[in-house]
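See below for the structure under consideration.
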Amino acid sequence: MKKLILLAASFMIVLSGCGKEENTPSTVPLGAEKQVQEPAKQIEEPEREAVFKNEDIDQAKKMAQQYVAALTEFHGRKAHTTSDIEGLQREMSEKIKSTIYIHSQSRILQVSGVEISEKNILELGASRFGLLLDDHKEVYYPKLNVSELIIPMSYVFPGKDTNDPKLYKVHFVKTNEGQVQIIKDGFFIGGPDLEKKDQEEVDPYSAEKLKNDLKIQ
């Protein structure tokens, strides 16, 4: 009987010790829990203000439409010889420059044979052009620290399917005086390729010189 009482007492002591171990709180350094719960603060870059305001975008859209309208006036003109093509180029240059603002370092490209049909007639009908005015976007070039407004334009070449037009981009810049100008489109207006320049320029002086020469924002 005494042995049973001693065994029971020993068993109770063991259980009591286990319970104490389970209830013993874990030791956590002061402030450690707070550090885990708080997320690291991220430094946000200040948002860059757009160069092209709403009125500038409206002006660019209008200029794009005027540009296409100026080109369509030459639809059906014949160009048989080199002399004819050079004459057309001069006429188109004068017409475009009198209609819209073109950057001083841009130029009117020579009339390409691609826009001329097999009968040597310019194919510049309005139905061949498409302006995606709502797809405009402003692109910022950080190395040059300048911006462009880009409006997509399409053109259907003679002999090509109307469902497979060639896509172009009409590039606009804003001068330091606040005037919106076309700088290039690759169709009939050639000019500095700011995207390419931004990728190529590594010398800060060259980038700043280009910006000063172009006089754009």
Filtered residue count, the range 139-170, keeping only those that are open to solvent by 10 Å² or more (accessible area, probe 1.4 Å), touching a residue at least 60 places away in the same chain (Cβ under 8 Å) and in a loop (DSSP other than H, G, I, E, B): 2
Result of the Cβ filter at 9 Å on the range 202-217, keeping first residues that are under 24 Å from Phe52 (Cα atoms) and partners that are part of a helix (DSSP H, G or I) and among the acidic types (Asp, Glu), at least 6 apart or interchain, is Ala207/Asp198
Collect the residues in the range 51-96 that are open to solvent by 70 Å² or more (accessible area, probe 1.4 Å) and in a helix (DSSP H, G or I), keeping them in residue-number order. Asn54, Glu55, Asp58, Lys62, Gln65, Thr82, Ser83, Glu86, Arg90, Glu91, Glu94
Might you check whether a residue that is modelled with pLDDT of 90 or more, under 12 Å from Ile189 (Cα atoms) and assigned to a helix (DSSP H, G or I) occurs anywhere in the range 109-127? no
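The values are calculated or read from the model by the stated rules, or taken from the named source; none is laboratory data. In this text the structure is predicted, and so the values were computed from the model without any measurement. Reconstructed Cβ throughout: ideal geometry from the backbone, glycine too, with neighbour counts over all protein chains shown. Side chains are part of the model used for accessible areas, which takes the heavy atoms of the whole protein and leaves out ligands, DNA and RNA. Shrake-Rupley method; radii C 1.70, N 1.55, O 1.52, S 1.80 Å.
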